[in-house]
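Below: one structure, written as structure tokens.
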């Protein structure tokens, strides 16, 4: 079974602080994604990656950076957290476009910025 | 505008009845995925589709890339089907765009 693990699962941060959300996958997928979920917006793509060393901007990248140091790990970095970044963040891995391209999601990370 | 529009946004069913959810795309979607977010918040992949149809138990999904839409049919709804259903369309560069979800409530 495909596995995507996020940490931390819950985080409270202060405005202006730095937050790093980590994601690990054991699926050997090339692509990894970071989404945020907010009421009324569904899931919105922040950053994604095609493989180690690659990061690409999604639809709402402002205020976020991403890092993909290896095939397995993909981090989302908030250098200066703001209350508007309070949300639930989901990481996913998958290689859409082939015969078995479904995305597998982690359990989510709830971030509260005070 | 929204790249993926889901309808309806919410619906209520009685156990044993049938329903259909729909997604319309304003992008040239090449593949579509359907997810169920359960009450605990976990996102479960239901279907991954290239143009065509797939069936899994009481669920059936179709994707028409020419007409830019996808449907998810639920037959004989059960209480455990409750949750929020999302569709996602793959556009250029393996980017998946999600709809805003359809909240389904199944009651006895």
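Length gain on complete extension for the stretch residue B:75 to residue B:60, per 0.36 nm per residue less the alpha carbon to alpha carbon distance?
Extra length available between residue B:75 and residue B:60 comes to 4.6 nm.
Which distance in nm do the two modelled labels at residue A:7 and residue A:27 give, with both placed 7 Å along the Cα-to-Cβ direction?
Between residue A:7 and residue A:27, the label points sit 2.1 nm apart.
Tell me the relative contact order for chain A as a rounded percent, counting alpha carbon contacts under 8 Å between residues six or more apart.
Value for chain A: 35 percent.
Relative contact order, percent, of region B:42-92 when contacts are C-alpha pairs under 8 Å separated by at least 6 residues?
Relative CO of region B:42-92 lands at 22 percent.
Quick one: check the C-alpha center-to-center distance for region B:32-47 versus region A:41-114, whole angstrom.
A separation of 17 Å, based on Cα centres.
Would you mind checking the radius of gyration and Dmax of the protein assembly as shown based on alpha-carbon positions, in Å?
Cα only, the protein assembly as shown: 17.2, 51 Å (Rg, Dmax).
Grab the beta carbon distance between residue A:112 and residue B:10, set R0 = 25 Å, and tell me the FRET efficiency rounded to 0.05.
My answer for the efficiency is 0.40.
Where in region A:77-114 is the amide nitrogen less than 16 Å from a point lying 7 Å along the Cα-to-Cβ axis of residue A:67?
Answer for this model: A:77-81.
A short reminder: the numbers here are calculations on the coordinates, not readings from a lab. From a predicted model like this one, the values you see are computed outputs, not experimental measurements. All Cβ positions, glycine included, derive from the backbone under ideal geometry; neighbour counts span all protein chains shown.
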